[in-house]
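Trainee: Let me begin by handing over the structure; questions about it come next.
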Amino acid sequence: MTNAGMYYLSTLGGHETDLIGAISRGLAPDGSLYVPKDLPRFDPQRVRGERIEQIAVELLEPFFKGSRLAPMLEAICKDAFNFSIPLEELDGGMLAVLELFHGPTAAFKDVGARFLAAAMERALPDLAPEDKRPLTILVATSGDTGGAVASAFHGRRGMRVIVLFPRGQVSPRQKHQLTCWTGNIHSFEVNGSFDQCQGLLKNAFISPQISTSHRLSAANSINIGRLLPQMVYHAAASLWHWRKHGNRASFIVPTGNLGNALACIWARAMGMPIRDIILATNSNRVIPEFLSTGDWKPRDSVQTLASAMDVGDPSNMERLRHLIPDFGELRSSVEAYPVNDSAIREQIAVDYSRRDRVWCPHTATGFRVFDNLPESRRTGQSWIIVATAHPAKFDNIVEEVIGTTVPVPPALATLLALPTYSEALDPELDLLSNALDALK
Ligand SMILES: *Cc1c(COP(=O)(O)O)cnc(C)c1O
């Protein structure tokens, strides 16, 4: 491999590939995650783009260098960043909210899923040109991911999506978003837990029968094709703030699997004008405990109100430790604080009356961490808090706290008005195999 283009290394160091290889595999053959071989450095003065899709093209150009996708970068960014990502100022500009919930399924995962779908669709002719079968993308979901992936891949040529979700364990609106699709999206309501859905998916990949009769791929959140665009909105927000106010904003990022937060840390490492980065977790405290003790102790997750952050073994930690291997340095470059369910409820109520804003339970962890900062730090620098989902997506939790209904945003309302369809499936491999064979 030459130095002309960008390559991607597995964090265990056993594997190296190009952009299309990293996107189409997701996980490296040695079982670890891909990271860019070198993070490019930017001088923020020289980034010229104003709108997010322009900034995306400039920042991602080095990551696409040498790839057959490079000439399509602009088209991919246009395709992926097709909804607004506003930075809304509160409190006269010292505090702002980066609203990532204006996409089709009202959570930040829309950005990564759309970018991945746009890139995969264009990479398809290169993957196995002689293989005319559709690429069958399997997703196991406990809520937000499946809807974002279904929406992002819906109607794209040469690919179909199989969504597996646990019966009775997703919220009514999440279920609607998983089952309102036709055409190339197929939803299966599994009579089992999320872990059983995930087990079924893993077994499908290692089953010789399924993996030879279908062309399988995955679209889970560890795919580098989802992290790259997530880096872009942190970078864009920091640039917008810096151009307007002349200082580097600090970020607070609600965190579960550490994907969104890692993207923010990468943006800073690339030279973007970002000062402090603070992670907000729910009662799953593996990351805050690690940063305070140095002991990495992954464990089973506990259920919280911020369910999309219920992660006990955040997979992206290996990428963060690869970026900053020295623990002392890591600890001085990121902070993390946990927020429990009663504090989440309280924060939603407080900000509804004080700021007239309604947060989803995940976003509320970020505001709680902000409010708990010492006064001098809170008011002595600029802050951007990342809002990860629209509260209407979690109406079952939020409306009880604020005592009124949350208006549904137009994109979400469109999906909620569609009829739904799904098939029931017992969590057994031969049943999944039959279901796949039966698809057109
Ligand atoms: C997935 C998700 C998170 C957690 O993001 P990570 O990248 O896993 O840290 C937070 N909030 C919402 C609404 C999500 O869907």
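Trainee: Within the stretch 44-96, work out how many residues are within 16 Å of ARG243 (Cβ to Cβ) and in contact with a Cys (Cβ under 6 Å, 6 or more places away or on another chain).
Mentor: Going through the stretch 44-96 one residue at a time, the tally reaches 0.
Trainee: Just to check your reading of the model, which residue among ARG345, ARG357 is more than 14 Å from the ligand (Cβ to nearest atom), in contact with a helix residue (DSSP H, G or I) (Cβ under 6 Å, 6 or more places away or on another chain) and in a loop (DSSP other than H, G, I, E, B)?
Mentor: Just a single option satisfies the conditions, and that option is ARG357.
Trainee: For the stretch 14-47, give me each residue that is in contact with an Asp or Glu (Cβ under 7 Å, 6 or more places away or on another chain) and either open to solvent by 40 Å² or more (accessible area, probe 1.4 Å) or not hydrophobic (A, V, I, L, M, F, W, C) (or both).
Mentor: GLY14, HIS15, SER32
Trainee: Same structure again: Quick check on the stretch 48-58. Is at least one of its residues in contact with a Gly (Cβ under 9 Å, 6 or more places away or on another chain) and more than 15 Å from LEU239 (Cβ to Cβ)?
Mentor: Scanning the stretch 48-58, I find no residue that is in contact with a Gly (Cβ under 9 Å, 6 or more places away or on another chain) and more than 15 Å from LEU239 (Cβ to Cβ), so the answer is no.
Trainee: Just one of (1) within 20 Å of the chain's Cα centre (by Cα); (2) at pLDDT 95 or above; (3) more than 16 Å from the ligand (Cβ to nearest atom) trips up PHE42, so point out which.
Mentor: (1)
Trainee: Also, quick follow-up: Quick check: anything in the stretch 387-402 without any contact (Cβ under 8 Å) to a residue 40 or more places away in the chain and assigned to a loop (DSSP other than H, G, I, E, B)?
Mentor: The answer is no; no qualifying residue exists.
Trainee: Something else: Please go through the stretch 243-256 and pick out each residue that is surrounded by 19 or more Cβ atoms within 10 Å (Cβ to Cβ) and part of a loop (DSSP other than H, G, I, E, B).
Mentor: Those that are surrounded by 19 or more Cβ atoms within 10 Å (Cβ to Cβ) and part of a loop (DSSP other than H, G, I, E, B): THR255, GLY256.
Trainee: I'd like to check something: does the stretch 182-195 contain any residue that is touching a residue at least 40 places away in the same chain (Cβ under 8 Å), hydrophobic (A, V, I, L, M, F, W, C) and either closer than 22 Å to ALA336 by Cα or within 16 Å of the ligand (Cβ to nearest atom) (or both)?
Mentor: Yes, that holds for at least one residue.
Trainee: For the stretch 262-299, name all the residues that are more than 14 Å from the ligand (Cβ to nearest atom), open to solvent by less than 30 Å² (accessible area, probe 1.4 Å), not in a helix (DSSP H, G or I) and not small (Gly, Ala, Ser).
Mentor: MET270, MET272, PRO273, ILE274
Trainee: Next question. Does SER84 fit the bill of being surrounded by 20 or more Cβ atoms within 10 Å (Cβ to Cβ) and either more than 14 Å from the ligand (Cβ to nearest atom) or in a helix (DSSP H, G or I) (or both)?
Mentor: No, not satisfied.
Trainee: Could you check the stretch 229-261 and list, in sequence order, the residues that are closer than 17 Å to GLU61 by Cα and either within 13 Å of the ligand (Cβ to nearest atom) or under 10 Å from the mean Cα position of the chain (by Cα) (or both)?
Mentor: PRO229, GLN230, MET231, TYR233, HIS234
Trainee: Let me ask something else. Take the residues of the stretch 300-317 that are β-branched (Val, Ile, Thr) and within 13 Å of the ligand (Cβ to nearest atom): which is nearest to VAL47 (Cα to Cα)?
Mentor: If we take residues in the stretch 300-317 being β-branched (Val, Ile, Thr) and within 13 Å of the ligand (Cβ to nearest atom), then VAL311 is nearest to VAL47 (Cα to Cα).
Trainee: So, one more: For the stretch 123-155, how many residues are modelled with pLDDT of 95 or more and either in contact with a strand residue (DSSP E or B) (Cβ under 6 Å, 6 or more places away or on another chain) or open to solvent by 10 Å² or more (accessible area, probe 1.4 Å) (or both)?
Mentor: 6
Trainee: In the stretch 186-221, how many residues are open to solvent by 20 Å² or more (accessible area, probe 1.4 Å) and of a type in the set (A, V, I, L, M, F, W, C)?
Mentor: Number satisfying all stated conditions: 6.
Trainee: Somewhere in the stretch 320-331, is a residue surrounded by 19 or more Cβ atoms within 10 Å (Cβ to Cβ) and either without any contact (Cβ under 8 Å) to a residue 12 or more places away in the chain or within 16 Å of the chain's Cα centre (by Cα) (or both)?
Mentor: yes
The values are calculated or read from the model by the stated rules, or taken from the named source; none is laboratory data. Values in this document were obtained by computation on a predicted structure and should not be read as measured data. Quick reminder, even Gly has a Cβ in these numbers, built from the backbone with ideal geometry, and neighbours come from all protein chains shown. What goes into the accessible areas is simple: the full protein's heavy atoms, side chains included, and nothing from ligands, DNA or RNA. Shrake-Rupley method; radii C 1.70, N 1.55, O 1.52, S 1.80 Å.
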